[in-house]
Structures are given as structure tokens and as C-alpha cells.
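What follows is a single structure, written as C-alpha cells, with notes after it.
The values are calculated or read from the model by the stated rules, or taken from the named source; none is laboratory data. Note that the structure is a prediction, hence the values are computed from the model and not measured. Cβ placement follows ideal geometry from the backbone for every residue including glycine, while neighbour counts extend to all protein chains displayed. Accessible surface is based on the protein model in full, side chains and every heavy atom, while ligands, DNA and RNA are left aside. Shrake-Rupley method; radii C 1.70, N 1.55, O 1.52, S 1.80 Å.
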Amino acid sequence: MMRWRTYTDRLIVLAVILAAWQVGSVLVGPYWLSSPFAVAARFTAQILNGELIVQGGYTVEEALIGTVIGGAPAVLLPFLLRRHPVIVAILDPFMVGGYGAPKLAFAPLFILWFGIGIESKIALVASVVFFIVYFNTRAGVRALDPRLVQMAQIAGAGERHVARHIVLPAAVPHILAGFRIAVPYAIGGAVIAELISSNRGLGYLVQTGAMNFDTTSVFAAILAATLIVHGANWMVNASERALLRWRPQTAVMVDAGD
């Protein structure tokens, strides 16, 4: 009953947003703010002719590859440094600085280093994903009760077994939480990188629409990016449910997107 109530409330909020959007379009004119009906029609047309599918696929490719390249070392590094607190203390201010640095400021450098092709977008996405996943994974490793590790070592478990059977299961919820946060940023980073310099992708469609003063195309591309984010979030949530199936139901984090 509560789930259906949540869905109903969401539909009501969506209806209010669409109504406000339509009113705003009427007040300021479709030249400045396209109506939701026009956006829906353009979105459907671009899906049917394949334009949004092709351009959206290019953006997804950038985000996916960048997430893997940035996420893999971000997961491994906290495990490798778990028994080296001195190295962690040395690296910590640099990691914090990298996390806080505006990644978009590096976009021109990535274009200079890797060109205007897909490589520069992947580099930007990887830099965004790495720090988010790293700090979440490190939090999971640090949250482990050291008594569990000590008991396993007393029982004769080696470092590899401790990392695999104790540290990793405890850190998995934090790792997945990191990816849940990072994935929308990865897609958004790819779109923004395409806005700066690209001839493909959803960001390119946004840029082209803005240059032609076509707000309908801009909103259609933004809608496609939003739907991709929701789809990616659903996949991360499904992975979390599959990987954490062994945990008690009350212990699994509740996702606001369910």
C-alpha cells in the first residue's frame, strides 16, 4: 500500500511540474521555453529516426568506459592501502584536493592532451568517478570492525582471505553507494564535455539546439540524458539487490529511486 501511495504521489508531483512548465511556456513563449508537448513530440520523432539513440549511445559509451577506468582503481586502492596507514596519511590531502578540484576546469587540458575525440570525454568522466568511488570505498574499509579481522587472523586466516571474506563483503554496500552517486555524475560529465567540444553525443545536440535557438531540441536531449540516468540508476540498484541478497532485508540500504 505504501509503495502504491509513493507512486501516486510521484505522479502528482510530475503532473504539477508539467503543468507549471506548460504555463511558463505560454507566458514567455515557446521561443524561450518550449512546451512539454512539443518536447515530447520532438523526443518521439528523434527516437523513431534513430538520432537520439545514436547520440545517446555515444554518451553512454563515454560514461561507461570512463566509469570502469575511474572506478576500478578507486575500488582497489583502499584495499591495497588498508595496512599502510602512513601512506594513506601522506596521500590524503592530495586525494581531498583532487576530489574538491573542479573537474570541468580540466576539460580544456584533457582536450589538449587527448584531442576532441572520445578519449578526452572518457578522461573527464574517469576523473569524476575515481574520487567519488575512492572515498566511499575507503569509508567502507575503515568502517570494518577490527575485532573481526583479529578473530580471523587468530583462526589462521591470511591477509588474502581476510580481504576477500571479511573486508570486501563489509565494504560492498559502500562501494555500490559510491557508484550510485558517481554514475549520474559520469553521464552529466560526458554531456558537459560534449558541450565543450564534440560533434557527437547528447551534449552536441544540446549545443546545436542552443546555437539554433531551438529550445525544443535542447529539452529533448536533456530528457534523453535524464532517462539514461534513471536507467543507469536502476541497473546499479538491481546489482545492489543481487550482490546483497545474503544480507537481512532491514540491513540493505533503501533507495529513494525504488
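Among residues belonging to region 127-139 that are of a type in the set (A, V, I, L, M) and under 13 Å from the mean Cα position of the chain (by Cα), point out the one that is surrounded by the fewest Cβ atoms within 10 Å (Cβ to Cβ).
Taking the candidates together, the pick is ILE132.
Scan region 39-59 for residues that are among the hydrophobic types (A, V, I, L, M, F, W, C), closer than 21 Å to LYS121 by Cβ and open to solvent by 60 Å² or more (accessible area, probe 1.4 Å) and report the count.
2
Being closer than 30 Å to GLY178 by Cβ and free of Cβ contacts under 8 Å to residues at least 12 places away in the same chain narrows it down to one of VAL60, VAL86, so name that one.
Unique residue meeting the criteria: VAL86.
What do you reckon, is PRO78 touching a Gly at 6+ places or on another chain (Cβ under 9 Å) and farther than 23 Å from ILE187 by Cβ?
Yes; evaluated as a whole, the condition is true for this residue.
Only one of these is within 28 Å of the chain's Cα centre (by Cα) and modelled with pLDDT under 90: LEU52, LEU80, LEU76. Name it.
LEU80
Working carefully through the options THR216, THR226, find the one that is open to solvent by less than 40 Å² (accessible area, probe 1.4 Å), modelled with pLDDT of 90 or more and out of contact with any strand residue (DSSP E or B) (no Cβ under 8 Å at 6 or more places or on another chain).
THR216
Of everything in region 200-213, what is of a type outside the set (Ser, Thr, Tyr), out of contact with any Leu (no Cβ under 7 Å at 6 or more places or on another chain), assigned to a helix (DSSP H, G or I) and surrounded by 18 or more Cβ atoms within 10 Å (Cβ to Cβ)? Give them in sequence order.
Hits for region 200-213 are LEU202, LEU205, GLY209.
Scan region 110-126 for residues that are surrounded by fewer than 20 Cβ atoms within 10 Å (Cβ to Cβ) and either β-branched (Val, Ile, Thr) or within 19 Å of ALA186 (Cβ to Cβ) (or both) and jot them down.
Hits for region 110-126 are PHE114, ILE116, GLY117, GLU119.
Mind listing whichever residues of region 91-102 are part of a helix (DSSP H, G or I) and either among the small types (Gly, Ala, Ser) or open to solvent by 30 Å² or more (accessible area, probe 1.4 Å) (or both)?
The answer is LEU91, ASP92, PRO93, PHE94, VAL96, GLY97, GLY98, TYR99, GLY100.
Just give me the residues in region 1-24 being free of Cβ contacts under 8 Å to residues at least 12 places away in the same chain, over 27 Å from the mean Cα position of the chain (by Cα) and open to solvent by less than 60 Å² (accessible area, probe 1.4 Å), in sequence order.
Across region 1-24, the qualifying residues are ALA19, GLY24.
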